[in-house]
């Protein structure tokens with residue numbers, strides 16, 4: 001299907017910040033099952049966007065600016081997607097899969113997750129793909145989707161103990177358990193076209209990819225209990241959320257920072273309206 005995507009992030013600083021540095025990973029790339037028909041990224045300032053690729057091959061823009069009271073980053077475009085049964089092909093793979101066995105501060109395993117992993121690995125009896133599907137189902141059925149108790153710094157262990165969280169938490173728990181079971185796994189940020197007709201979303205989407213010998217990388221969306229389909233638009237990958245976050249940076253000076261995000265994902269040709277969510281930090 002052809003997806004039309006728009007993603008706007010706005011920062012407001014009271015009083016104004018003396019300077020900001022932002023790293024943007026908001027630009028998707030083409031591969032088998034995903035073709036970027038058109039895409040553009042704009043910012044509200046006259047800053048230059050320095051473009052490069054990070055270590056994982058993500059398209060990255062770096063924005064720096066002096067004193068300012070607000071900053072809006074907007075990207076939009078259309079992506080043609082095809083269902084590949086979750087199997088990833090044609091991506092720029094710069095590292096061996098074993099790199100993605102590496103744990104991070106957000107994906108450290110605890111005894112409870114390790115025990116679950118051992119149980120599922122034993123039941124799978126050497127079937128890696130079967131283990132991953134069982135893990136995805138276990139997480140999907142065992143957690144409640146809840147935006148309140150977690151944030152971008154919540155670890156997999158914390159979300160697992162709470163038994164609730166958002167798509168980022170589902171992905172972190174899946175990645176942590178997969179790695180604990182000896183299966184390379186990584187974090188993916190992107191967008192998801194919802195089948196219930198909801199066009200306006202409070203944020204982008206996140207899922208995991210795991211490496212299966214003989215098949216390669218496969219996408220697992222534990223928050224929805226499915227492998228990735230043509231409803232998923234893949235943007236960036238990393239060891240965890242911090243390596244694939246759409247916008248990540250810092251500011252100098254300033255007081256209260258207010259972040260507003262508006263995301264719209266629709267099938268091309270279908271109308272939709274904006275909706276935003278605000279939070280104070």
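The values are calculated or read from the model by the stated rules, or taken from the named source; none is laboratory data. In this text the structure is predicted, and so the values were computed from the model without any measurement. Counting neighbours? That spans all protein chains shown, and the Cβs are built from the backbone with ideal geometry, glycine included.
Is there a residue in the stretch 155-177 that is assigned to a helix (DSSP H, G or I) and over 17 Å from residue 116 (Cβ atoms)? The answer is yes; a qualifying residue exists. When you scan the stretch 233-252, do you find a residue that is at pLDDT 95 or above and farther than 19 Å from residue 23 by Cβ, even just one? Checking the stretch 233-252: at least one residue is at pLDDT 95 or above and farther than 19 Å from residue 23 by Cβ.
To keep it simple, each residue is scored yes or no on (1) in contact (Cβ under 8 Å) with a residue 12 or more places away in the chain; (2) in a strand (DSSP E or B); (3) loosely packed, with under 13 Cβ neighbours inside 10 Å; (4) not assigned by TED's automatic domain parsing to the domain that holds residue 161.
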position	(1), (2), (3), (4)
41	yes, yes, no, yes
61	yes, yes, no, yes
69	yes, yes, yes, yes
75	yes, yes, no, yes
105	yes, no, yes, no
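Say whether the condition of being within 30 Å of residue 19 (Cα to Cα) and either part of a loop (DSSP other than H, G, I, E, B) or out of contact with any helix residue (DSSP H, G or I) (no Cβ under 6 Å at 6 or more places or on another chain) (or both) is met by at least one residue in the stretch 204-226. For the stretch 204-226, residues within 30 Å of residue 19 (Cα to Cα) and either part of a loop (DSSP other than H, G, I, E, B) or out of contact with any helix residue (DSSP H, G or I) (no Cβ under 6 Å at 6 or more places or on another chain) (or both): present. Only a single criterion out of (1) assigned to a strand (DSSP E or B); (2) at pLDDT 95 or above; (3) surrounded by 14 or more Cβ atoms within 10 Å (Cβ to Cβ) is not satisfied by residue 29, namely (1).
The number of residues in the stretch 107-124 being without any contact (Cβ under 8 Å) to a residue 40 or more places away in the chain and touching a helix residue (DSSP H, G or I) at 6+ places or on another chain (Cβ under 8 Å) comes to 2.
Inspect the stretch 125-134 for any residue being touching a helix residue (DSSP H, G or I) at 6+ places or on another chain (Cβ under 7 Å), surrounded by fewer than 20 Cβ atoms within 10 Å (Cβ to Cβ), touching a residue at least 12 places away in the same chain (Cβ under 8 Å) and closer than 15 Å to residue 176 by Cα and give the result as yes or no. Within the stretch 125-134 (the criterion being touching a helix residue (DSSP H, G or I) at 6+ places or on another chain (Cβ under 7 Å), surrounded by fewer than 20 Cβ atoms within 10 Å (Cβ to Cβ), touching a residue at least 12 places away in the same chain (Cβ under 8 Å) and closer than 15 Å to residue 176 by Cα), the answer is yes, since at least one residue qualifies. Being under 28 Å from residue 154 (Cα atoms), in contact with a strand residue (DSSP E or B) (Cβ under 7 Å, 6 or more places away or on another chain), modelled with pLDDT under 95 and not assigned by TED's automatic domain parsing to the domain that holds residue 191 is the requirement here; does residue 45 meet it? Criteria not met by residue 45. If I filter the stretch 165-173 for residues that are surrounded by fewer than 24 Cβ atoms within 10 Å (Cβ to Cβ) and either on the phi < 0 side of the Ramachandran plot or not assigned by TED's automatic domain parsing to the domain that holds residue 24 (or both), do I get at least one hit? Yes, the stretch 165-173 contains at least one residue that is surrounded by fewer than 24 Cβ atoms within 10 Å (Cβ to Cβ) and either on the phi < 0 side of the Ramachandran plot or not assigned by TED's automatic domain parsing to the domain that holds residue 24 (or both).
All conditions in (1) within 23 Å of residue 195 (Cα to Cα); (2) not in a strand (DSSP E or B) hold for residue 55, with the sole exception of (1). Residues considered: 142, 216. Of these, the only one that is under 25 Å from residue 95 (Cα atoms) and either at pLDDT below 95 or surrounded by fewer than 24 Cβ atoms within 10 Å (Cβ to Cβ) (or both) is 216. Being in contact (Cβ under 8 Å) with a residue 12 or more places away in the chain and within 22 Å of residue 262 (Cβ to Cβ) is the requirement here; does residue 137 meet it? It is false that residue 137 is in contact (Cβ under 8 Å) with a residue 12 or more places away in the chain and within 22 Å of residue 262 (Cβ to Cβ). Annotation note: of 245, 208, the sole residue that is under 9 Å from the mean Cα position of the chain (by Cα) and surrounded by fewer than 22 Cβ atoms within 10 Å (Cβ to Cβ) is 245.
Which residues, taken from the stretch 77-103, are surrounded by 13 or more Cβ atoms within 10 Å (Cβ to Cβ) and part of a strand (DSSP E or B)? Once the filter is applied, which keeps residues that are surrounded by 13 or more Cβ atoms within 10 Å (Cβ to Cβ) and part of a strand (DSSP E or B), the stretch 77-103 yields 77, 78, 79, 80, 81, 87.
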